[in-house]
Amino acid sequence: MARLLKRVLGQQERASPEDRPCLLLGECSSGKTSLLLAAALSSSAEEGRRTVFISRSPLQRLPESARDPLSLKKIHFVYPRSLEELLSFIAAMHENTRSAPSLVILDGMDEFLVGNNGQQVVASLSALLVDTAAYFTGKLRSDSRSRDDASCCCHLIASMRLSSEEIEGTPDLSFIERYFPDKCWLERDVSWQGTDAQVDAIERYYRPRFSDIPEPSLDTDHSSSGKTWRLWVGSDGELMVSAMQSQGRGQMESGKDLYPLV
């Protein structure tokens, strides 16, 4: 399901019936929630089906483009307060008589596993998510009467906070990878220097890296088709993320501001 994230980043790919669950990884305030929200809005607009967006706590802010009720109509936000509530909700999703979702997002998977990161618990949550997405994929294809229809697929994306400072207490990533074979890392990019830095602001840059795309050589000029996130932190704590198109090493072309980070 990395295809949805690549589409948000401007990398168009054809739909594939072999789309696999995707794990989005990045440090705190690297834009994971914003990227997932962009994927949810894109999926609902492109495929016209529901998205289930699961998070530990309600989103505190929404982008201007998502404040139109019509933009959010097909996104169902759910806020379980504990791992037990999360497992109960996912297990009962198939009982919902509404239309099957084409995307299931779990934002902050690690937040539900804090203190419960034994392999059995991790396996139970991961397997339940994968099985639920597979169930809805089958239902969508059954309703369309085409088992090979690549567009009839329930995508699954989960995000986790991960950095060198946060390894302790983090669930075993190698174990989770068994269920989420596709991965996207939001890696800190220290080689870029913005040309529009603002006074009293902190700017950080992140480059998305996908597991199915070889890591570029350090000698390249950063002119690949990938984009870099520009993370801006204002003096009042406001967070904003933009997609920046690369134009060569050390320079950037400003992209459109996407969504305030939450």
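State all residues of region 139-162 that are within 24 Å of the chain's Cα centre (by Cα), part of a loop (DSSP other than H, G, I, E, B) and at pLDDT 60 or above; if no residue qualifies, say none.
If the condition is that a residue be within 24 Å of the chain's Cα centre (by Cα), part of a loop (DSSP other than H, G, I, E, B) and at pLDDT 60 or above, then 151, 152, 153, 154, 162 are the ones that fit.
For residue 171, are the conditions met, namely being within 17 Å of residue 22 (Cα to Cα), modelled with pLDDT under 90 and not β-branched (Val, Ile, Thr)? Lay out the reasoning, then the answer.
On the way: within 17 Å of residue 22 (Cα to Cα): yes; modelled with pLDDT under 90: yes; not β-branched (Val, Ile, Thr): yes.
Considered against the rule, which asks whether it is within 17 Å of residue 22 (Cα to Cα), modelled with pLDDT under 90 and not β-branched (Val, Ile, Thr), residue 171 comes out as yes.
Please identify the pairs in which a residue from region 166-182 that is under 10 Å from residue 122 (Cα atoms) and surrounded by fewer than 16 Cβ atoms within 10 Å (Cβ to Cβ) has its Cβ atom under 8 Å from the Cβ atom of a residue that is at pLDDT 60 or above and among the hydrophobic types (A, V, I, L, M, F, W, C), counting only partners at least 6 apart or on another chain.
172/122; 175/122; 175/123
Looking at (1) within 20 Å of residue 36 (Cα to Cα); (2) at pLDDT 95 or above; (3) not small (Gly, Ala, Ser), which is the one condition that is false for residue 110?
(2)
Within region 55-71, is there a residue that is out of contact with any helix residue (DSSP H, G or I) (no Cβ under 9 Å at 6 or more places or on another chain), within 24 Å of residue 186 (Cβ to Cβ) and modelled with pLDDT of 90 or more? Lay out the reasoning, then the answer.
Within region 55-71, the first condition is being out of contact with any helix residue (DSSP H, G or I) (no Cβ under 9 Å at 6 or more places or on another chain), and the residues that meet it are 58, 60-61, 64, 67-70.
Those still in the list that are within 24 Å of residue 186 (Cβ to Cβ) too: 58, 60-61, 64.
Adding the requirement that they be modelled with pLDDT of 90 or more leaves none.
The answer is no; no qualifying residue exists.
The values are calculated or read from the model by the stated rules, or taken from the named source; none is laboratory data. A quick note: this is a predicted structure, and the numbers were derived from the prediction, not measured. Glycine also receives a Cβ, built like all others from the backbone with ideal geometry; neighbour counts cover every protein chain displayed.
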